[in-house]
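Report on one structure; see the data block that follows.
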Amino acid sequence: GAGVPGGWPRQVALKNIRGFLFAETSVNGRDPVLFLVDTGCNQDVVAADLAKAWRLPICGAGYAVGAGGRQDARYHLIKRLDVGLMALNPGRIASMDLSRFDAAFGIKVAGVISFQSLKQWPFTLDYAAGTLTFHDPSQRLGAEAGEIVPFREINGLPMIAMRLANQR
């Protein structure tokens with residue numbers, strides 16, 4: 001996919017709600033709504049009630065895996081998925097019932113931005129600063145981007161080696 005005209009890096013301000021990061025996200029040019037940023041989710045997701053209200057065309061069925069576990073989903077064709085000013089354009093999006101997310105966060109969770117869309121570009125996710133920054137894919141990230149954490153992709157999910165301090 002292609003981002004928007006302009007230079008790199010492209011930074012998106014995130015909202016921290018109950019310890020989780022959310023991005024204002026637009027589907028097919030609609031007004032922005034809040035999507036959970038979940039780097040462990042294997043599919044972008046839109047709330048089923050919004051997919052129905054927006055009349056997103058159905059193109060299949062399957063499942064998505066993320067913070068809420070594995071759930072059955074329908075797939076819908078979409079033309080655009082914009083996070084801030086960055087066009088992710090995955091072509092399709094899963095829909096599922098996100099009402100338990102709404103209850104957990106005390107807000108309407110309109111969807112989930114997954115690793116599958118984020119991995120199109122080098123990116124940094126700064127939890128403390130509440131920012132998601134996309135970097136020029138033609139340039140290698142330097143030390144100023146933070147600690148580079150290598151990962152393996154297994155079944156579409158990012159896996160990283162991790163060790164907690166003083167733990168074996």
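Every read-out reported here was derived from the displayed coordinates using simple, explicitly stated rules and does not represent laboratory data. Predicted model only: the values in this text are computed from it and were never measured. Virtual Cβ from ideal backbone geometry, glycine too; neighbours counted across all protein chains shown.
About its Cα centre, the range 1-102 has a charge dipole of approximately 140 debye under the convention of +1 per Lys or Arg Cβ and -1 per Asp or Glu Cβ, with nothing else charged.
Normalising by residue count, the range 43-134 has a Cα convex hull of 108 Å³ per residue.
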